[in-house]
1. How large, in percent, is the carbon and sulfur part of the accessible surface of the range 16-84 at a probe radius of 1.4 Å?
2. Looking only at the range 183-210, which residues have a backbone nitrogen under 20 Å from a spot 7 Å from the Cα of LYS230 in the C-beta direction?
3. Among 133-139, 29-35, 157-163, what's the highest-first ranking by average C-beta atoms within 10 angstrom per residue?
4. How much FRET efficiency would the formula 1/(1 + (r/R0)^6) give for GLN180 and LYS92, where r is the Cβ-Cβ distance and R0 is 41 Å, rounded to 0.05?
5. What Kirkwood hydrodynamic radius do you get for the range 1-111 when you take the inverse of the mean 1/r over all pairs of distinct Cα atoms, in Å?
6. Name the residue from LEU74, VAL24, GLY198 whose Cα lies farthest towards the positive end of the charge dipole of the chain, charges +1 on Cβ of Lys and Arg and -1 on Cβ of Asp and Glu.
7. Please enumerate, by chain and number, the aspartates and glutamates with C-alpha under 20 Å from the C-alpha of LYS92, excluding those fewer than 8 residues away in the same chain.
8. Only helices at least 24 Å long along their own axis, judged from Cα atoms, and with Kyte-Doolittle mean hydropathy of 1.0 or greater: name those in the chain from DSSP H.
Amino acid sequence: MSNKIRVIVAGAGGRMGKEVVKLVLQDDALELAAAVDRSPQEQDAGRLAGLPDAGIVVSEDLEEALASSTADVLVDFTTPQSAYRNTALAIKYGVRPVIGTTGFTPEQIAELDKQCLDQGIGGLIAPNFSIGVILMMKFAAQAAKYFPHLEIIEYHGDQKLDAPSGTAIKTAELISEARQELRQGNPQEEETIEGARGGYYNGFRIHSVRLPGVFAQQEVIFGGFGQSLKIRADSYERAGYMPGVKLGIQKVMEYTGMIYGFEHFIE
Ligand code: NAD
């Protein structure tokens, strides 16, 4: 009997899902149990991901895949509308969810935690799987103890709908927990062009740059007397999330209950 971790990929036809299929097919410790996507693909999952045929056709029905395969883990990169149901279904079948889809509410996470505990399995919901981004946030929070004057600048593609990014907000929250309360800058400061100083958060500023060709970058700049410090993470492509997804798949086999946030695995 193989001791590979058997993985179902939901959203296998999407941009992240294809990367996950590639990861699972190319990693000796993992095995593709099934690949599911809402839009009927009727295609081999390997070929869809740009690899040779894997002998697994992308199917439409996640529940059938969960019931008929002996999978260990479901990896879901679908849509906020689908991911809660997919996660609950996986738990019902005793398959450990590793969820990259964003948009879960705290109430949903609490409910899914209860379901995982009832089933005696582990689960992970991680809005960001980039190890570099998680470290950037942790280092920024650490630096804020010594450098309370800072600004966050984040860069994304020009079609992104929300500003600032979820990562910038999460970074700001972590910094605020570590930093002494302080309203930066000159109290008499005035903007002659609205928005010039960026968004205000707990005494410091967040700036969102939106340009075509940019994928995802963020820097936190700290200023002190006679010195400055910059902490910056650059993501260039979706493959950069895959080492984190693999670590999530392995970790979720080791505990019970739902963990929210990949930072819990990065010491
Ligand atoms: P995408 O639109 O390219 O892919 C989503 C895929 O899911 C589509 O192929 C769609 O047909 C499929 N799908 C939708 N509902 C489904 C269902 N019920 N069952 C099976 N398949 C279904 O999107 P994407 O860029 O791959 O992003 C997917 C999600 O991942 C988004 O929520 C995005 O914000 C998130 N994301 C997370 C991270 C992270 O590090 N956690 C990184 C990038 C993107």
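1. The computed percentage sits at 45.
2. The answer is 197-199, 205-210, whose backbone nitrogens lie closer than 20 Å to the label point.
3. Result, highest mean first: 29-35, 133-139, 157-163.
4. Result of the calculation: an efficiency of 0.30.
5. For the range 1-111, inverting the mean 1/r across all distinct Cα pairs yields 13.8 Å.
6. In the chain, that residue is GLY198.
7. Once the sequence-local aspartates and glutamates are set aside, what remains near LYS92 is ASP37, GLU60, ASP61, GLU63, GLU64, ASP72, ASP76, GLU107, GLU111, ASP113, ASP118, GLU254.
8. Long hydrophobic helices here: none detected.
The values are calculated or read from the model by the stated rules, or taken from the named source; none is laboratory data. Note that this is a predicted model, so its numbers are computed, not measured. Reconstructed Cβ throughout: ideal geometry from the backbone, glycine too, with neighbour counts over all protein chains shown. SASA here: full protein model, heavy atoms, side chains in, ligands and nucleic acids out. Shrake-Rupley method; radii C 1.70, N 1.55, O 1.52, S 1.80 Å.
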